[in-house]
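Novice: Here it is, the structure in full.
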Amino acid sequence: MNDFAVISFSNLLTDEEVIFKRLNLFLESGAVIVIYNPVSKERRGLFEKLWTNILEKRGGMWGGYVKHGGKVKEEKGVGRVEDLPKDRFDMNTLIIIGNEDTILMGNRLVTKRGYSLEKEKL
């Protein structure tokens with residue numbers, strides 16, 4: 001699977017039921033998932049429900065996050081999804097949930113696309 005999906009966890013303009021439905025479809029599709037606006041002080045409960053759903057379907061897979069990306073106080077990390085520091089996530093965090101093809105190379109997430117790493121010689 002070499003697709004990815006992007007989803008916001010903000011329920012200000014989207015009903016929670018719609019967010020849950022979309023997340024489940026993305027999780028079942030096998031696509032890498034990128035989450036923005038994951039959690040705010042007021043929406044911690046919603047995030048915990050969504051995160052539990054992610055762990056049930058993608059626990060053990062690789063994931064990562066970037067908080068305050070491109071800024072002086074940038075923070076980032078990679079690890080198994082269940083080991084990511086979810087208590088540090090806020091509205092300035094981008095979360096990546098890998099799939100079965102996602103691997104860790106050094107400190108980077110790589111999702112294989114099926115191409116050989118070496119070009120065949122003709």
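What follows is calculated from the coordinates using simple rules that are stated; it is not laboratory data. Here the structure is a predicted model, which is why all the values come from computation and not from measurement. All Cβ positions, glycine included, derive from the backbone under ideal geometry; neighbour counts span all protein chains shown.
Novice: Cα axis of helix 44-58 to longest principal axis of the chain: angle in degrees, 0 to 90, nearest 10?
Specialist: Roughly 30 degrees, rounded to the nearest 10.
Novice: Relative contact order (percent) for region 4-111, with alpha-carbon contacts under 8 angstrom and 6 or more residues of separation?
Specialist: Taking the mean separation of contacting Cα pairs over the length of region 4-111, I get 29 percent.
Novice: Which peptide among 101-109, 74-82 comes first, and what is the full order, when sorted by highest mean count of other Cβ atoms within 10 Å?
Specialist: 74-82, 101-109
Novice: Let me know the Kirkwood hydrodynamic radius for the chain, please, with Cα pairs as the basis and the value in Å to one decimal.
Specialist: When all Cα pairs of the chain are included, the Kirkwood radius is 15.2 Å.
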